[in-house]
Amino acid sequence: MSLETSNLQEKVLQLVHKTGQSVFVTGKAGTGKTTLLKKIMDTTFKNTAVVAPTGIAALNAGGVTIHSFFQIAPATYIPDPQFYPQQNSYQKIESLYSLNKVFSLSAAKKDVIRNLELLIIDEVSMLRADLLDAIHFVLQKIRKNKQPFGGVQVVFIGDLYQLPPVVKNEEWEILQRYYPGMFFFQAKCLVNHMPVYIELKTIYRQSDALFIKILNNLRNNSFVADDKKILESYIKPDFQLLQNPGYIYLTTHNYKADNINQTALKQIDAKDYFYKAEIEGEFPDKIFPMEEVLTLRKGAQVMFTKNDLSADKRYFNGKIGKITSLNENEIIITCEGDAAPITVDKYEWFHKKYEVNENTKEVEEKVLGSFVHYPLKLAWAITVHKSQGLTFDKAVIDVTDVFQPGQAYVALSRLRSLQGLVLKADFELPPLTVSGDIKTFSSLEPEEEQLGQYIRHGSKTYLMEYLLQTFDLSAGTAVWKKYISENGSEPVNSPSGKYIPQIRESLLTWEKSAHTATQFSKWLKQYFLMDEDKNLLKDKIYGAFQHFFGIFDPMEENLLTWMTEISFVKRSKTLFNELAEIEDVVLTQILRMHKAKHLTEMWVRDAEPDKTILEDDFFKTYRSKKLEKVRQKVKESRLDVDHEYMPVIASKKKKKTSTEKIPSHEITLSLWKQNKTMEEIAKERTLSYNTICSHFTTLLREDKVSLQDILSPEKIELIQQKLSVYSGEDSLTEIKNFIGGDISYEELRWFREKRGKVAGK
């Protein structure tokens, strides 16, 4: 018995939140895979990173590329530790032997990988088996854990019937000795550890039963003569694209799409307008989500490349319209069937990396740079590859030059219905060859009852393993002993030797706690074996936290005190980092035991844990409050000391580089809260005034400022009065001309963003 997609999405969320089981989420085009990825990210409490095989795929998923996250160079990877790396003029061959270079990763990068709990890999159809084995190897080595992927839960998302892995002939000549094929599920690391296979069934893009049947047959390589006959009725070789607004031409090659778009644009007798992206920080051109300079003319057919973030939801990714008005300050789009035209807002894309928060030990996103532009592109034509994830009402499809399996299916599945289809020419059967390996893999899909068993059994197993790891203090013991072995012979009056007596004493306390924790772990194993009363476990875990917190809390305070004292001393970075390593162990133990309380309570109540379990004041502020207390105490004890060098070392983390930054509009908000004007902010940030104004549009949308904060009551009243009698089109240019006075485009945008929320309306 199959489940509807909505129920399956809930099952996936339960598998992710309540178990450590890896999952493969697939589904036909339009079944909501991207929506599910966002749901996971919005709700999971686990330390999570999102990666994808390509830069654009990573940007669309809100993550980073596989190669940048793991610092793995593009190459052919041989799963043989004895294979020696090779390189010639046309290919680079690496092996597990040469992957040892990952140990040159920065401390910050290793910290992220060690704290990782959940890895989401999007667009997994393009992920090669050898690259997945390389990921598996790196995770095991960095985390010093022999479990699959070093104990990290992995969620694979993608449709194997769409774009496949790219493998050159010369690469396959070598790889075929080790792999039966190159799909991700054929990796050696998955042979005995296959993810739970879940296919989303409900198609949201199409509702036409006949069209859905044809798409399914095409996807499953069961395309029959009747299907072909139906599609042939939509062949129109003489169809004139430019004489039929609203249609987009889907082709297999970039040069074809570019030629069509440029030719169509040049045929419009109108002025060119050039719109340049605003780029801040680090944003490599190879991952630009669109061209840096957008050239448009009035009358051009364009497509939105993002969903509307405002409450109005006026457009979606792939919606096509025509430019009916434009100038340096605004672009107006009219779409077929819409009651009113659309004034386009700029969109901000972010280039990110992951870091560990030193206060909470959580993996967090850090913005490296931003790319701000109008989310538009010329839309007379687009390649099939770039159309993935888009939805069209009308399309002219040319798949006569299909060169990859899945292209014909991807192209046709972009359409909502057959009514919007025009085929440029006939195509030979079959346009798609389905791998038998994919069919074999898909046969692993569990039934509803089996899926329920995975969740029930997996939630218990996950909690047990989490608790056993939490109360295993052996790794921490090694860190304490390492400090003593490296500094134990230092003179007592030296900076390093000064803390040896206290460290020795703390080590004895830690080892005694480790013994107690080992005994408690034995009880835990027996408890889960006997399956006793759940409330008993809850009481025991709460009691264990109180016991160990009473021991580790003063340890944490002592370590922070010593680190703060060391920060006064010149040339003491090594010593500081050694103490910081111990402090990291103690802090992680405290926070992990605190999280264990919440996870146990969720399990007892059979509730699905989410981010809210981490939102308590203790978890967020424990270390920062402790550090503030310690610094004040040390400062008071050193009033007679020259503070010129205080502190020499500000943090146990490396100093942020100049390219690491929070979202651009957040920086603007911070400066604005310092009572700086928008003009002053623009000057200080060396950005245009219009860019700063666009930041305030975003801040209004996020309810981080109110309209009354940035517009005077007089201007709000003037705009309200004028608009109450204005009956023209919803164009900022016409409204501005109608209102007159000193009302700017930006002020009208702000008012429009918050209309209906002004003056109690």
Filter region 331-347 down to residues that are part of a strand (DSSP E or B), farther than 13 Å from residue 313 by Cα and not hydroxyl-bearing (Ser, Thr, Tyr), then give me how many there are. 3
When the residues of region 321-330 are filtered to those that are open to solvent by 30 Å² or more (accessible area, probe 1.4 Å) and part of a strand (DSSP E or B), which remaining residue is nearest to residue 699 (Cα to Cα)? 325
Quick count over region 446-495, residues being part of a loop (DSSP other than H, G, I, E, B) and crowded, with 17+ Cβ neighbours inside 10 Å, is 3
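Criterion first (surrounded by fewer than 21 Cβ atoms within 10 Å (Cβ to Cβ), at pLDDT 95 or above and either out of contact with any Leu (no Cβ under 7 Å at 6 or more places or on another chain) or aliphatic (A, V, I, L, M) (or both)) does residue 553 satisfy it?
yes
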Can you name the residue in region 238-264 that is of a type in the set (Val, Ile, Thr) and open to solvent by 30 Å² or more (accessible area, probe 1.4 Å) and is also farthest from residue 304 (Cα to Cα) among such residues? 263
List every residue pair whose Cβ atoms sit under 9 Å apart, with the two residues 6 or more apart in sequence or on different chains, where the first one lies in region 478-505 and is acidic (Asp, Glu) and the second, anywhere, is in a helix (DSSP H, G or I). 486/578; 490/497; 490/498; 490/500
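Against the definition (touching a residue at least 12 places away in the same chain (Cβ under 8 Å), over 30 Å from residue 478 (Cβ atoms) and crowded, with 22+ Cβ neighbours inside 10 Å), how does residue 179 come out, yes or no?
no
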Taking region 596-615, which residues are open to solvent by 40 Å² or more (accessible area, probe 1.4 Å) and under 24 Å from the mean Cα position of the chain (by Cα)? 608, 610, 611, 612, 615
Just one of (1) open to solvent by less than 40 Å² (accessible area, probe 1.4 Å); (2) without any contact (Cβ under 8 Å) to a residue 40 or more places away in the chain trips up residue 583, so point out which. (2)
Just checking, does region 294-304 include any residue being without any contact (Cβ under 8 Å) to a residue 60 or more places away in the chain, over 16 Å from residue 414 (Cα atoms) and assigned to a strand (DSSP E or B)? yes
Only one of (1) at pLDDT 90 or above; (2) farther than 30 Å from residue 295 by Cβ is not met by residue 239, so which one is it? (2)
Given 655, 633, which one is modelled with pLDDT of 80 or more and of a type in the set (Lys, Arg)? 633
Looking only at region 619-628, count how many residues are over 9 Å from residue 359 (Cβ atoms) and surrounded by 13 or more Cβ atoms within 10 Å (Cβ to Cβ). 3
Within region 14-36, of all residues that are open to solvent by 10 Å² or more (accessible area, probe 1.4 Å) and under 18 Å from the mean Cα position of the chain (by Cα), the one modelled with the highest pLDDT is 22
Within region 475-483, is there a residue that is in contact with a helix residue (DSSP H, G or I) (Cβ under 9 Å, 6 or more places away or on another chain), under 29 Å from residue 601 (Cα atoms) and not hydrophobic (A, V, I, L, M, F, W, C)? yes
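Only residues that are of a type in the set (Val, Ile, Thr) and surrounded by 21 or more Cβ atoms within 10 Å (Cβ to Cβ): list them for region 565-580, please. Outline the logic, then answer.
First, pick out the residues of region 565-580 that are of a type in the set (Val, Ile, Thr): 566, 569, 574.
Passing the criteria: only 566.
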Across region 38-72, the tally of residues that are surrounded by fewer than 20 Cβ atoms within 10 Å (Cβ to Cβ) and assigned to a helix (DSSP H, G or I) stands at 9
Out of (1) touching a Lys or Arg at 6+ places or on another chain (Cβ under 7 Å); (2) under 30 Å from residue 538 (Cβ atoms), the one residue 492 does not meet is (2)
Check region 201-210 and report whether any residue there is hydrophobic (A, V, I, L, M, F, W, C) and open to solvent by less than 30 Å² (accessible area, probe 1.4 Å). no
Does at least one position in region 111-124 carry a residue that is more than 30 Å from residue 35 (Cβ to Cβ) and surrounded by fewer than 23 Cβ atoms within 10 Å (Cβ to Cβ)? yes
Which one of the conditions (1) open to solvent by less than 30 Å² (accessible area, probe 1.4 Å); (2) touching a helix residue (DSSP H, G or I) at 6+ places or on another chain (Cβ under 7 Å); (3) closer than 21 Å to residue 291 by Cβ does residue 310 fail to meet, given that it meets all the rest? (3)
Selection within region 108-135 - more than 17 Å from the chain's Cα centre (by Cα) and basic (Lys, Arg): 110, 114, 128
On the given criteria, is residue 586 over 17 Å from residue 358 (Cβ atoms), β-branched (Val, Ile, Thr) and modelled with pLDDT of 90 or more? no
Checking residue 196 against (1) open to solvent by 40 Å² or more (accessible area, probe 1.4 Å); (2) closer than 25 Å to residue 35 by Cβ; (3) among the aliphatic types (A, V, I, L, M), the condition it does not meet: (1)
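For every residue, the table says whether it meets (1) more than 19 Å from residue 665 (Cβ to Cβ); (2) within 33 Å of the chain's Cα centre (by Cα); (3) surrounded by fewer than 14 Cβ atoms within 10 Å (Cβ to Cβ); (4) modelled with pLDDT of 80 or more.
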site: 709; (1), (2), (3), (4): no, yes, yes, yes
site: 715; (1), (2), (3), (4): yes, no, no, yes
site: 721; (1), (2), (3), (4): yes, no, yes, no
site: 728; (1), (2), (3), (4): yes, no, yes, no
site: 731; (1), (2), (3), (4): yes, no, no, no
site: 734; (1), (2), (3), (4): yes, no, no, no
site: 737; (1), (2), (3), (4): yes, no, yes, no
site: 742; (1), (2), (3), (4): yes, no, yes, no
site: 752; (1), (2), (3), (4): no, yes, no, no
If I filter region 145-171 down to residues being modelled with pLDDT under 90 and open to solvent by 40 Å² or more (accessible area, probe 1.4 Å), which single residue comes out as nearest to the chain's Cα centre (by Cα)? 166
Only one of these conditions is not met by residue 351: (1) under 18 Å from the mean Cα position of the chain (by Cα); (2) outside any loop (DSSP other than H, G, I, E, B); (3) surrounded by fewer than 20 Cβ atoms within 10 Å (Cβ to Cβ). Which number is it? (3)
Hey, residue 372 within 30 Å of residue 328 (Cα to Cα), of a type outside the set (Gly, Ala, Ser), in contact with a helix residue (DSSP H, G or I) (Cβ under 8 Å, 6 or more places away or on another chain) and touching a residue at least 60 places away in the same chain (Cβ under 8 Å) or not: yes
With respect to residue 545, is the statement that it is touching a His at 6+ places or on another chain (Cβ under 7 Å) and open to solvent by less than 70 Å² (accessible area, probe 1.4 Å) true? yes
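The values are calculated or read from the model by the stated rules, or taken from the named source; none is laboratory data. Just so it is clear, the structure is predicted and the values come from calculations on it, not from any experiment. With ideal geometry, Cβ positions are generated from the backbone for all residues, glycine too; neighbour counts draw on all protein chains shown. Surface accessibility is based on the protein's heavy atoms, side chains included, excluding ligands, DNA and RNA. Shrake-Rupley method; radii C 1.70, N 1.55, O 1.52, S 1.80 Å.
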